[in-house]
Every structure is written in structure tokens, then in C-alpha cells.
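For reference, the structure is listed below as C-alpha cells.
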Amino acid sequence: MMRNLLSKFGQAAKLPTLSFALAFSITGLLIAFSDPKVLAKIGSPLEFIKSGLATIRNSYLALFQGSIFDINLARGHNFFQGFYPLSETIVISTPLILTGLSVALAFKSGLFNIGAQGQFIFGAIGASYVGFHFQLPIVIHIIAAALAGTVLAAIWGGIVGLLKARTGAHEVILTIMMNYIAGYFIFWILKTKTFLRPGRFDPMSPEVGLNARLPRLAGDNLRIHAGIFIALAAALFVWWLLKKTTIGFRFRAVGANAQAAKTAGISVPIVITSTMAICGGLAGLGGAVHILGSERALSPDVAGSFGFDAITVALLGRAQPLGTVFAALLFGALRAGGRTMQANTGTPLDIVLVTQALIVLFIAAPNFVRFVFRLKKLSSSASLTSKGWNG
Amino acid sequence: MSLELRGITKTFGLFTANDSIDLKVEAGKIHAILGENGAGKSTLMNIVYGLLKADSGEIFVDGKLQNISEPSDALSAGIGMVHQHFMLIPVFTVAENIVLGHEKIGKFGVLDIAAAREAIIKVSKDFGFSVDPDAIVETLPVGIQQKVEIIRALIYEAKVLILDEPTAVLTPQETDELLKTMQELKRKGTAIIFITHKLREVRAVADEITIIRRGKVIAAVSPSTSEGELASMMVGREVDLAPDRQEHEIGEPILVANNLSVRNVSGTEVVKKINFELRAGEVLAVAGVQGNGQSELARAIVNLEDHVEGSLLLDGHEIRGLSIYDSLHAGIAYIPESRELDGLVSSFSIAENLILDLHDQAPYASGINLSAKVVSEQAEKHVLEFDIRLQSVSDAVSTLSGGNKQKVVIARELSRPVKVLIASQPTRGLDVGSIEFVHERILGERDAGRGVLLFSTELDEVLALADRIAVMYRGEIIEIVDSNVSKEELGLLMAGVVNEKAVS
């Protein structure tokens, strides 16, 4: 049983792992070739290779230092501080897990949710409003704020589902447009009296109340907060929903063959609407957790690129809940480590984006990976992307 | 020109699709290859045509060894193939389709299509076809599209023509016409390989018959062999071609349609004010040439169509306008026309497909919890009852053969309390053994007092199963006749000719 599960997991992780390895090899070359010090030695091949390898090593070492553990921070009085990078990785990964789950769940129902960004924004708006406007007892305040964000975003996502179910409009177009609306809506709302922090002229909301803040897990010096548990619970929820419930059964049936699902009496419009609502809720919870856990106040760029990276994360995680968690952690690490890499070795932060893009490129082109590694068979995940478009 | 295969062997993993097959086809002969689905006929033909590479074996044309590794090799060796699914571009004209891949550039770099047009007219004249080279392919009936494929093969001078299940998509009239065409080609010296599992057609035109079972040549027999013998050689056991139909009391009307009309998406009325009464314990067959409104009528009964007018009473209750879910749970079982598209979720397991309709009911579900254990336990029961051949109920349904897939659909549909069974082309594409099983189940439902509405374009099937036959033509039921009607009369009715004698 256990061995069976392991081999299944290994099978599913094969393509992402190989894509990952390939992407890092190519990125390594880019790092070496973009370093003028290395290029200066192009005259003597041996020196060139030697210094190239050194640059690559230093860059990846910095990437590690910036994302997992930094020995320099651990020296001195507090060894624990050495894990500051890991804490940052998890802080970035937490909202990414939730938005990634949002996109992954949509994939399972045959929908391509590009709208996690907008849903995230509405989650952040709802959570911050309840967070700074009300004074509620501890725990209750957190729940109320998170719930407000989740529900608001679920409605925002549900609108897309309803429009698709009723009119047949394509969810990709709808969600892209809804992202624009959300993006400008947050600018506007931060200029209203309700949201603008008293005494400030730049768009920034008041901080959420102390009772509404997610507790920090490792003292005040590390930013890691309880949101990671919410994110993991959400992953468990999505897994349970898909595997163990009749609702998930309908989602998967519609995702795999909507026509057969319809013929067997499953209501496709209801599935589409409820999927998009739940996906919206997940991304919205991401926004809420981001506000309540690390940001504390609403700002126009609160969403960063969490909603868009989510697509990459869900693809890399092959739309599986567990896979999405791993993929989000990886991306969080790349983001956190990228900064250190830039600071320490001068390798531009953008190289991390190249790595991310390459990983997705290889995931989407499994035959290429198969060709490179001379593999006989790789279960394809390309269908994941194409299905959303056809749906 | 003759084609000879010696010792063709092809394996896929552990599965041997072709096991040292020998075959000889002479010029001016129709050589039928008969076998069940999955017997290895298509694999063999794909090897001959260069779409697959044999593990071992040799192909000779006129005694010369050929190295065929892709279709162009086959074409230059004089081998042409008409596939079961046509390789035509629907929005192109006939002439454009025929020059495809052999385009000639004329003056000013413009595509020269005149030569192709002339060639089409010449071949059409030689073989007695009437095909307009400028017609858009998608506007042509299926039978004509097939002729376009044949013309293409002839223009590129195919001396050996492979027809892969050519009649599967044709109406009875079109089938007869194709058989005539084949005889014409044969007279002109073309060697024809005719792949099929339809016994009647084989006996009508074949000069030689080779029977393949599980990748091996079982026998080479003459066309005078009886249908029963051919069937048992194909399947490997005795086959009952004419199912026993017990005479019994027919009950009260259970499904009544009054002035039922269906419009398609573009607003055209495809079913026009139809009236019929289906009674408990009878099989009412709806016969007709494909595309005369039968599919839409079948779908309308389960409320899969959106624009339906009129009334539809199930056991006295109006069911028109119910949701699909409610229609199914009111007591309608529905075997859809396309099991791949409408019947099954191919990536789902067999067990999951068996509960597609009942997944939210006890014992499978309590609240929103779905019990995987109960689902697979019940699946095991269905597998036994319906004799579904599989390795595990948790395998994807796409791993099953066509016959077993259809058994999954039927098992699912009959696992609800059923008053009426709507079976739309239930044996399309199935082999003899599976057809026999499906027919038995349909008659079983009839004998158990259910009403069965059978939509079929197969005359033999209609005549074997029906108590009464409603003939649909251009969206109307033009006649309802008794099942003792002759095949000829039924054929005429299907062509829209209302004959006094055919009316009972």
C-alpha cells in the first residue's frame, strides 16, 4: 500500500522534478554568461569554465542562503535567527498556496481561472475592512475578517461562473477583465474616507486591529505566522472535496467530460458557478491571510503577482493539492532567495523569473523533457492547460 | 496486381496484435477480412499502409518485396486506403481535397486545380460515380464523401484498395451503392481488401474471406459459408444471431408523445409534431436513415434538447421540461448514441462511471460524503452481472474495449428503477459477441414489462428486436408498421416512399 502510494507519487513528481532540474541547468548557464567577469576570461577555456562554475555556485549558494538558512544570521547570540530566510520563504508561500489551490481546483473542473489576482484583491479588501473597522474579541476577529475576505472573493469569482454558465462567455476572457476591474477598484477604494488611513495622502488603509492579526509562530524577529496552517488546511480541504465528496465527483466529471456528465444528469451550470465561487473563496482567503498575517494594511499593490504566479504554481503542482503546496513553497523560496542572490552576487533578481518561466515551459512541453532525458513514457500534463481553453 | 503478406507480426508491449499473418490478395478480387473489434484487422491494414511498422514479416507487391515505412511508400507501391474516419478537410471542395499533398503550382504561383478537376470527372465517368468536383465536402452526404476518398485513391493509381469498415457510417441505401461500386472496381481489375464485421455484406460481395481472431488467421473460407458459421469462427464460440423473442402480452401505454417538436440551435424544426405510444413490454423501434431527427428525438425524451414543444407523458405524468436529472430519476434509462462523448467519462475509473448518475444517492453517498468502498463494491456486482471483462474496477474506463464500454453504460442505466429504456444506436461499432449481449439485455427489459424505444439505423437489428417499427423521415414519423414487414419495404419507407402494402 505504502509502496504503491510512493511509486504513484514518484510518477506524478517525475515531470516537475525533471523540468526543475532542466530549468536550473539552463539558468546556471545564463548566470555564468551574463557575468562580465566570467566573459572576460573567454580567451582561455579552462579559466572560463572554472570561473563560470564558481559564479554559478555562488549564485545558487546565495539563493539557498536567502531562502532556507543563513549561517551569518545564526552566528552571535541567536542561532534561531539563521532561519530568517526560511521564515520569509513561508511568508511568501502562504498566500501562494491558497491562490495556487484556487487555480488548481478550477483546472479539475475544466476551467482556467486567470482571475486569482482579482479574487485575491477582494479577499484583501474584505479582510482589511473588517480588520480595521471593527473591534472584536481575539480569535473571533480573525475568523470574521478572514471570512469577510473569503465571501467577498467567492462572490467575485462566482459572478464569472454565473456569466459563463448563463451566457457561455469564456472564463479566461471574463477573469482577465475582472482582474482589471479589481485592480482599479482597489485604487479607488483606497481614496475613499472609509479606507484611507487618517493623516495619510498616499493610498494606504489603517492597520488591522491587534486582535485581527494572525499570531506569529517564532517570535517577533521572524515574520512566519499562523497563516501557513490555514493554507495547509485549505489544501487538505481541496483534496477532501475532490476525492471524498459528491461535489468533487461532479466537479471532476464536468472537468473530464462535461457532455457525459450532463447526460448523466449532472447540472453543468451549477458546477461551473460553484467551482468559480469556491476558487474565488480560496484566492480571497489568500488575500485575507496575506493582510492579517504579514501586510496588516491594504495598499494598491497588496496582491503583487500572487494571482498570476498561482497559475504557474498550479501547473507545476499538476493541479494536485499536495503538488500545489510543494510548488508554492518552491516559488516562495525562489522569490525570497532571489533578493539575497541579487544583493550578494549581483545576479539580477529577474533570473528567478526566467527559472520560473522555464519550469512552466518544460511542464507544458512534456515531450521535450522526455526527449532530453531519453524517457520512454511520461504521463502528460499538457492536457491540463488545453482543457481549460476548450471548456 | 497482387498483394502478398508473409508472416506479419506486431506486438504492443505484451499484447500480440498480429501473429505471423499470411495473406494473399489477387487483382480483380474482393478479399474480405472478417474479425471482431480488436482482432487485429486495423493493425494489419495500418502496417500495409505504412502507418505502423511491423516487428517482422514481409510485404510483396506483384512478387516484389516492398519496404513500406510510411504512407507515401504504400501509395507509390499502388496501395490506397479509405479510412473509417475520412481524411478530408470539410471546408475544402472535392477537387481541393484531392490535390491536397500533391498540389501543382500553375502560372503566377497560383494553385492549379483544373487538372484535378478533369481527373475527377474522368475517374467518375470510368467508374460511374457522380461527384461534383466543386462541391464543398461538408455539404455532401457521408456516402459521397466516401466516394471522394475512393476517387482520391484511384486518381493516384491505387491498384490495391483497402476499405477499413467502409459501411460503418453508411445508410442501407448507401451501403448497397458502395457494394455496387466495389464490384465495378473489381471488374476493372482493382484488388480490394474489405475490412468489416458485418456478415451480410461479406457474403454479398467477397470472393475470398479471411477470418482473424486475436491476431491470428483462423480460417480462409468461401463466401458460401453460412452467417452462423462465420460468426462462430469470428467469436470463437457458438453465436445466436437471431435472439429469441418470446411472444407475450403487451401492456398499457407507458410513454406517450403528443405533437412533440424539437428545434435545433439554428431554429430549424428537426422533429415535427410527432405522435407515438410506447407500451409496457414492447420494443418500438424508430428506424430511419441517419439524420432524419432520430437523435434529436431520443435526446428530447431525456430533456437534453433545449427547444422542445408538445407533450411527453411518462406513466401519465408530463416529463417535458424536467431537468435531465429528474427525467432520469423519473424512470428513464438512456443509452446515448455516442458512448465515448455522452456515455462515459473516459479518464474516470470503471467504478466511477458506473455511478455517474447515482453518485449522490444512498448507498454511495451520505450527505456530501462519497464512499469509495461502497462504490467499488457495487461496481464489482455490476461487473459480474453484466459480464464486463476487465482487470480492475479502478482502471480507467478508456482501457476497455468498445463492447465492454457499452456494457458499463448499460449496467449504469439499468441500475436505476426503470420504466422506459431509450436505446440510441446501442450496438454501433460493436462486434458480434457484444451485439448479441446488448440484444439480449434489450429483450430482457422488454420481457420484464418495460417499454423500450430503440433508435437504430441497422435494418437487421430493427427487424430482430422490434415489436413495431416507426419509420422517421425528415423529422416526421411517416409510418408505424408491424415487425413482419420485409426488408425491402422498410428500406423504401426509410427513403421516404410511403407504400400502401407496407402499411399494416
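The values are calculated or read from the model by the stated rules, or taken from the named source; none is laboratory data. Source: prediction; values computed, not measured. Every residue, glycine among them, receives a Cβ derived from its backbone with ideal geometry; neighbour counts consider all protein chains shown.
Below are the figures for this structure:
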read-out	value
So B:Ile136, is it at pLDDT below 90 and in contact with a Pro (Cβ under 9 Å, 6 or more places away or on another chain)	no
Filter result for A:Gln320 (free of Cβ contacts under 8 Å to residues at least 12 places away in the same chain and on the phi < 0 side of the Ramachandran plot)	no
Leading residue by the ranking (farthest from A:Asn344 (Cα to Cα)) among those in the stretch A:23-51 that are among the β-branched types (Val, Ile, Thr) and over 28 Å from the mean Cα position of the chain (by Cα)	A:Ile42
Verdict on A:Val254 being surrounded by 23 or more Cβ atoms within 10 Å (Cβ to Cβ), within 14 Å of chain B (Cβ to nearest Cβ) and in contact (Cβ under 8 Å) with a residue 12 or more places away in the chain	yes
Given (1) in contact with a Leu (Cβ under 7 Å, 6 or more places away or on another chain); (2) away from every other protein chain (no Cβ under 14 Å); (3) among the aliphatic types (A, V, I, L, M), index of the condition B:Leu241 fails	(1)
Helices (runs of 4 or more DSSP H) contained in the stretch A:51-156 and holding at least 1 residues touching an Asp or Glu at 6+ places or on another chain (Cβ under 9 Å)	A:84-108, A:116-133
Enumeration of residues in the stretch B:125-163 that are among the hydroxyl-bearing types (Ser, Thr, Tyr) and touching a helix residue (DSSP H, G or I) at 6+ places or on another chain (Cβ under 7 Å)	B:Ser130, B:Tyr156
Any hit, the stretch A:228-241, residues being within 14 Å of chain B (Cβ to nearest Cβ), part of a helix (DSSP H, G or I) and without any contact (Cβ under 8 Å) to a residue 12 or more places away in the chain	yes
Tally of residues being of a type outside the set (A, V, I, L, M) and in contact with a Leu (Cβ under 7 Å, 6 or more places away or on another chain) across the stretch A:5-26	2
Residue in the stretch B:254-263 that is closer than 30 Å to B:Ala32 by Cβ, of a type in the set (A, V, I, L, M, F, W, C) and surrounded by 15 or more Cβ atoms within 10 Å (Cβ to Cβ) present	no
Hits in the stretch A:242-274 - residues which are among the small types (Gly, Ala, Ser) and assigned to a helix (DSSP H, G or I)	A:Gly248, A:Ala253, A:Gly255, A:Ala256, A:Ala258, A:Ala260, A:Ala261, A:Ser274
Per-region count, the stretch B:79-115, residues farther than 22 Å from B:Ile162 by Cα, among the aliphatic types (A, V, I, L, M) and touching a Pro at 6+ places or on another chain (Cβ under 9 Å)	1
Residue, farthest from B:Arg187 (Cα to Cα), within the stretch B:110-131, restricted to residues that are hydrophobic (A, V, I, L, M, F, W, C) and not in a helix (DSSP H, G or I)	B:Val110
Matching residues, the stretch A:86-107, being farther than 21 Å from A:Arg296 by Cβ and surrounded by fewer than 24 Cβ atoms within 10 Å (Cβ to Cβ)	A:Leu86
Any hit, the stretch A:167-183, residues being on the phi < 0 side of the Ramachandran plot, in contact with a Ser or Thr (Cβ under 9 Å, 6 or more places away or on another chain) and assigned to a loop (DSSP other than H, G, I, E, B)	no
Residues being touching a residue at least 12 places away in the same chain (Cβ under 8 Å) and under 22 Å from the mean Cα position of the chain (by Cα) - total across the stretch B:388-420	18
Helices (runs of 4 or more DSSP H) enclosed by the stretch B:391-504 - at least 3 residues per element that are aromatic (Phe, Trp, Tyr) and touching a helix residue (DSSP H, G or I) at 6+ places or on another chain (Cβ under 8 Å)	none
Any hit, the stretch B:176-192, residues being touching a helix residue (DSSP H, G or I) at 6+ places or on another chain (Cβ under 7 Å), crowded, with 21+ Cβ neighbours inside 10 Å and under 30 Å from B:Thr11 (Cα atoms)	yes
Boolean, B:Lys64 is touching a helix residue (DSSP H, G or I) at 6+ places or on another chain (Cβ under 7 Å), free of Cβ contacts under 8 Å to residues at least 40 places away in the same chain, on the phi < 0 side of the Ramachandran plot and not acidic (Asp, Glu)	no
Residue check for B:Ile195: touching an Asp or Glu at 6+ places or on another chain (Cβ under 8 Å), modelled with pLDDT of 90 or more and not hydroxyl-bearing (Ser, Thr, Tyr)	yes
In the stretch B:285-319, residue surrounded by the most Cβ atoms within 10 Å (Cβ to Cβ) [restricted to those that are on the phi > 0 side of the Ramachandran plot and not acidic (Asp, Glu)]	B:Gly288
Subset of the stretch B:272-297 (residues that are in a strand (DSSP E or B) and in contact (Cβ under 8 Å) with a residue 60 or more places away in the chain)	B:Lys272, B:Lys273, B:Ile274, B:Asn275, B:Phe276, B:Leu278, B:Arg279, B:Val283, B:Leu284, B:Ala285, B:Val286, B:Ala287
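Here is a yes/no grid of residues against (1) assigned to a helix (DSSP H, G or I); (2) of a type in the set (Asp, Glu); (3) touching a Phe, Trp or Tyr at 6+ places or on another chain (Cβ under 8 Å):
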| site | (1), (2), (3) |
| --- | --- |
| A:Cys279 | yes, no, no |
| A:Ala283 | yes, no, yes |
| A:Gly287 | yes, no, yes |
| A:Gly293 | yes, no, no |
| A:Ser299 | no, no, no |
| A:Ala319 | no, no, yes |
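Every residue, every condition in (1) small (Gly, Ala, Ser); (2) at pLDDT 90 or above, yes or no:
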residue: A:Val325; (1), (2): no, yes
residue: A:Gly332; (1), (2): yes, yes
residue: A:Pro348; (1), (2): no, no
residue: A:Ile351; (1), (2): no, no
residue: A:Gln356; (1), (2): no, no
residue: A:Ile363; (1), (2): no, no
residue: A:Val372; (1), (2): no, no
